[in-house]
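> This is the structure I have questions about; it appears just below.
The values are calculated or read from the model by the stated rules, or taken from the named source; none is laboratory data. Fair warning: this is a prediction, and the values are worked out from it, not measured in the lab. So basically every Cβ, Gly included, is an ideal-geometry build from the backbone, and we count neighbours across all protein chains shown.
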Amino acid sequence: SQNKQTLSFQAEVAQLLHLVTHSLYSNKEIFLRELVSNASDACDKLRFEALSDNSLYEDAPKLEVRIAFDKQARTLTITDNGIGLSQQEAIENLGTIAKSGTREFMSRLSGDQKADAQLIGQFGVGFYSGFIVADRITVESRRAGLPTDQGVRWTSGGTGDFEVETITRPQRGTSVILHLKEDATEYLSTWKLKSIVGKYSDHISLPILMRKEEWKEGEDNKGGEMVLTDEWETVNQASALWTRSKKDISEDQYKAFYRQISHDHEDPLAWSHNRVEGSTEYTQLLYIPAHAPFDLWNREKAAGVKLYVKRVFIMDDAQALMPVYLRFVRGVIDSADLPLNVSRELLQESRDVRAIREGSTKRVLSMLEELAKLEKDESASEEDRAKYAKFYAEFGAVLKEGLGEDFGNRDRIAKLLRFASTQSDTPNVSLADYKARMKEGQEAIYYITADTLAAAKNSPQLEVFRKKGIEVLLMTDRVDEWALNYLHEFDGTPMQSVAKGAVDLGKLQDETEKKAAEEAAEAFKPVLAKLKEALKDRAEDVRVTSRLVDSPACLVVSDGGMSMQLARMLKQAGQ
Ligand code: ADP
Ligand code: MG
């Protein structure tokens, strides 16, 4: 037709398409998960926009997804009556604007098909997975609220370009029509499609419909076959998992739901499902993942809790519901009290939201405490006992941010921290462990910060501690320095950096050592004076020290001063 235009994929999209289709063919079936999840997202969006404009429902208020196929034409079609796409949106979202994660995604592809297939969902490049099984995809859509003659048809063979044209489309929403490749005809089967839906999309909270099949005898009773009828049936559970009672939900269902909302392929380490009653009523289903997402360090973006109000989806990544240092938590919070038209701004100010955040924070910390307890529980399985260390390796550094962010829970967070030490190369020493083996007369928890474990271990500042057999915690995370500023003591014992000020070993030093130190200080006075004079612009002070055993000299900073580690970091950052 006249209005047809051909456009090129944006360069990164084209590259991505190539990669997707060439690296994922052994994991074909995920395309259905991705397309159904898009259909479900589109319905969520409609529901949300319709809160302020009910007419968007037009004459079809019941939201649903339909999957149909045509053996003769070799097509598979996924249709939703969600928000739909305008022509402009089709151009942008399906071809010209690469998602922020695209480049990152491509750099992460490992060549291992299984792992790469998992990445696809995580990075939100799902639509293109259709090209794993299709050599042409046609999308027909009309955005809710637009007149019927302003529909759009988008079509592409998945290589360099795509075409768009205006069409008339009576029904609202989107149909994605996959023209299947010759080697993908296995998806033209009700049984096959049902089993994939069951595997990945069972908990999508709206109905997924397929045509019913019926046995038809052959002519003269010879043979026979399954034929499609005109009747549609729901093929998924279609109930929001979190609204069901705990006792009716199996472990596998909890895990499947986690995979669906997180796009993670690994099982979560733990979850917690509760209905909270009282002045603020809500249901929470929160999960601790087993590994970090690619954007864990993006404090702006990352937040993994979806907000629902009375089962109506309101928003993803509701940051106000969880403190930033718990941004790795995934899950759902469904409030009975918030207004349906709640905005992000309103969320920040709501008292109910504050109560939900506090309750959810406590819940997550309890989950972590449980995992930490399992670690020491000899009757627990090996797998369970390994969970806390696994969690800590992935998220420990993020958890530490909580020391500076959540004063109310600082003590609970401190108990959850683990460090390497002069007695353990693996970071598994808790502050409580440390305290339990402190030397008689030791009055502080000693620690040192450095860039690497090797640098920390070889620091001359540790010499006297080693000689006296005093354990020192070795801290090598970038956030340690900052986080430790907020932790002055643990359980009544002060935290003391061995690189700061005069190390006062107090009662650990015997009388003869003290005397020897005083005599040495006296004897070296003239030398110190000369050194001070020579270094006067570069050193604040020059002192005789008892912290060294083998090395002749070392640098320290004054007690209130910025540590050398932090100073180096700031210098690197150009400050
Ligand atoms: P994501 O779902 O992570 O945004 P996708 O590649 O799966 O990434 O989809 C890209 C975009 O295409 C979506 O964000 C959405 O704007 C649009 N889209 C895809 N499928 C549909 C659909 N069924 N209805 C409306 N919009 C859709
Ligand atoms: Mg998607």
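> Got at least one residue in region 63-71 being more than 19 Å from SER239 (Cα to Cα), away from ligand 1 (no atom under 15 Å from the Cβ) and modelled with pLDDT under 90?
No, that holds for no residue.
Here's the yes/no breakdown for (1) in a helix (DSSP H, G or I); (2) in contact (Cβ under 8 Å) with a residue 12 or more places away in the chain; (3) in contact with a strand residue (DSSP E or B) (Cβ under 8 Å, 6 or more places away or on another chain):
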{"site": "ARG385", "(1), (2), (3)": "yes, no, no"}
{"site": "ALA389", "(1), (2), (3)": "yes, yes, yes"}
{"site": "ALA397", "(1), (2), (3)": "yes, yes, no"}
{"site": "LEU403", "(1), (2), (3)": "yes, yes, no"}
{"site": "ALA414", "(1), (2), (3)": "yes, yes, yes"}
{"site": "ALA420", "(1), (2), (3)": "no, yes, yes"}
{"site": "ASP425", "(1), (2), (3)": "no, yes, no"}
{"site": "LYS435", "(1), (2), (3)": "yes, yes, yes"}
{"site": "GLU443", "(1), (2), (3)": "no, yes, yes"}
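> Pick out the one residue from ILE208, ILE137 that is within 16 Å of ligand 2 (Cβ to nearest atom), under 30 Å from VAL332 (Cβ atoms) and either under 28 Å from the mean Cα position of the chain (by Cα) or buried (at least 18 other Cβ atoms within 10 Å of the Cβ) (or both).
ILE208
> Here is a follow-up. Going through region 385-413 one residue at a time, which ones are among the hydrophobic types (A, V, I, L, M, F, W, C) and within 16 Å of LEU371 (Cβ to Cβ)? Before the answer, list the steps.
Of the residues in region 385-413, the ones among the hydrophobic types (A, V, I, L, M, F, W, C) are 386, 389, 391, 393, 395, 397-399, 403, 407, 413.
Once the filter is applied, which keeps residues that are among the hydrophobic types (A, V, I, L, M, F, W, C) and within 16 Å of LEU371 (Cβ to Cβ), region 385-413 yields ALA386, ALA389, PHE391, ALA393, PHE395, VAL398, LEU399, ILE413.
> Say whether the condition of being among the aromatic types (Phe, Trp, Tyr), within 11 Å of ligand 1 (Cβ to nearest atom) and modelled with pLDDT of 95 or more is met by at least one residue in region 145-155. Spell out the reasoning first.
Our first condition is that a residue be among the aromatic types (Phe, Trp, Tyr); within region 145-155, this holds for 154.
When the remaining residues are screened for being within 11 Å of ligand 1 (Cβ to nearest atom), the result is 154.
If we keep only those that are modelled with pLDDT of 95 or more as well, we get 154.
Scanning region 145-155 turns up at least one residue that is among the aromatic types (Phe, Trp, Tyr), within 11 Å of ligand 1 (Cβ to nearest atom) and modelled with pLDDT of 95 or more.
> While we're on this one: Mind checking whether some residue in region 30-47 is away from ligand 2 (no atom under 16 Å from the Cβ) and either at pLDDT below 95 or among the basic types (Lys, Arg) (or both)? Break it down into steps so the answer makes sense when it comes.
Taking region 30-47 and keeping what is away from ligand 2 (no atom under 16 Å from the Cβ), we get 47.
Imposing the further condition that a residue be either at pLDDT below 95 or among the basic types (Lys, Arg) (or both) reduces the set to 47.
There is at least one residue in region 30-47 that is away from ligand 2 (no atom under 16 Å from the Cβ) and either at pLDDT below 95 or among the basic types (Lys, Arg) (or both).
> So, one more: Going through region 152-166 one residue at a time, which ones are in contact (Cβ under 8 Å) with a residue 60 or more places away in the chain and surrounded by 15 or more Cβ atoms within 10 Å (Cβ to Cβ)? Steps first, please.
Just the residues of region 152-166 that are in contact (Cβ under 8 Å) with a residue 60 or more places away in the chain, to begin with: 152, 154, 156, 158-166.
VAL152, TRP154, SER156, GLY158, PHE162, VAL164, GLU165, THR166, listed by residue number.
> Inspect region 342-351 for any residue being within 22 Å of the chain's Cα centre (by Cα), surrounded by fewer than 21 Cβ atoms within 10 Å (Cβ to Cβ) and touching a residue at least 24 places away in the same chain (Cβ under 8 Å) and give the result as yes or no. Full working, then the answer.
The initial filter retains those residues of region 342-351 that are within 22 Å of the chain's Cα centre (by Cα), namely 344, 347-348.
If we keep only those that are surrounded by fewer than 21 Cβ atoms within 10 Å (Cβ to Cβ) as well, we get 344, 348.
Now restrict to residues that are touching a residue at least 24 places away in the same chain (Cβ under 8 Å): 344, 348.
Yes, region 342-351 contains at least one residue that is within 22 Å of the chain's Cα centre (by Cα), surrounded by fewer than 21 Cβ atoms within 10 Å (Cβ to Cβ) and touching a residue at least 24 places away in the same chain (Cβ under 8 Å).
> Please tell me if GLN88 is over 28 Å from GLN10 (Cβ atoms), among the polar types (S, T, N, Q), away from ligand 2 (no atom under 16 Å from the Cβ) and surrounded by fewer than 22 Cβ atoms within 10 Å (Cβ to Cβ).
On the way: over 28 Å from GLN10 (Cβ atoms): no; among the polar types (S, T, N, Q): yes; away from ligand 2 (no atom under 16 Å from the Cβ): yes; surrounded by fewer than 22 Cβ atoms within 10 Å (Cβ to Cβ): yes.
For GLN88, the condition - over 28 Å from GLN10 (Cβ atoms), among the polar types (S, T, N, Q), away from ligand 2 (no atom under 16 Å from the Cβ) and surrounded by fewer than 22 Cβ atoms within 10 Å (Cβ to Cβ) - is not met.
> Continuing with the same structure: Can you find even one residue in region 165-174 that is among the small types (Gly, Ala, Ser) and more than 16 Å from ligand 2 (Cβ to nearest atom)? Steps first, answer last, please.
Filtering region 165-174 down to residues among the small types (Gly, Ala, Ser) leaves 173.
Now restrict to residues that are more than 16 Å from ligand 2 (Cβ to nearest atom): none.
Checking region 165-174: not a single residue is among the small types (Gly, Ala, Ser) and more than 16 Å from ligand 2 (Cβ to nearest atom).
> Now a separate question. Considering only region 170-179, state which residues are surrounded by 20 or more Cβ atoms within 10 Å (Cβ to Cβ) and over 26 Å from GLN10 (Cβ atoms).
Across region 170-179, the qualifying residue is only ARG172.
> Something else now. If only one of LEU16, LEU24 is away from ligand 1 (no atom under 13 Å from the Cβ) and of a type in the set (A, V, I, L, M), which one is it?
On the way: LEU16 fails: away from ligand 1 (no atom under 13 Å from the Cβ).
Step by step, each of LEU16, LEU24 is checked, and only LEU24 is away from ligand 1 (no atom under 13 Å from the Cβ) and of a type in the set (A, V, I, L, M).
> Still on this structure, please answer the following. LEU453: touching a strand residue (DSSP E or B) at 6+ places or on another chain (Cβ under 7 Å), surrounded by fewer than 18 Cβ atoms within 10 Å (Cβ to Cβ) and modelled with pLDDT under 95, yes or no? I'd like the intermediate steps shown before the answer.
Values: touching a strand residue (DSSP E or B) at 6+ places or on another chain (Cβ under 7 Å): yes; surrounded by fewer than 18 Cβ atoms within 10 Å (Cβ to Cβ): yes; modelled with pLDDT under 95: yes.
Yes; evaluated as a whole, the condition is true for this residue.
> Examine region 475-497 for a residue that is touching a strand residue (DSSP E or B) at 6+ places or on another chain (Cβ under 6 Å), in a loop (DSSP other than H, G, I, E, B), surrounded by 14 or more Cβ atoms within 10 Å (Cβ to Cβ) and not hydrophobic (A, V, I, L, M, F, W, C), and state whether such a residue exists.
no
> Could you tell me whether VAL353 is touching a strand residue (DSSP E or B) at 6+ places or on another chain (Cβ under 9 Å), modelled with pLDDT under 95 and assigned to a helix (DSSP H, G or I)? Break it down stepwise before answering.
Numbers: touching a strand residue (DSSP E or B) at 6+ places or on another chain (Cβ under 9 Å): yes; modelled with pLDDT under 95: yes; assigned to a helix (DSSP H, G or I): yes.
Considered against the rule, which asks whether it is touching a strand residue (DSSP E or B) at 6+ places or on another chain (Cβ under 9 Å), modelled with pLDDT under 95 and assigned to a helix (DSSP H, G or I), VAL353 comes out as yes.
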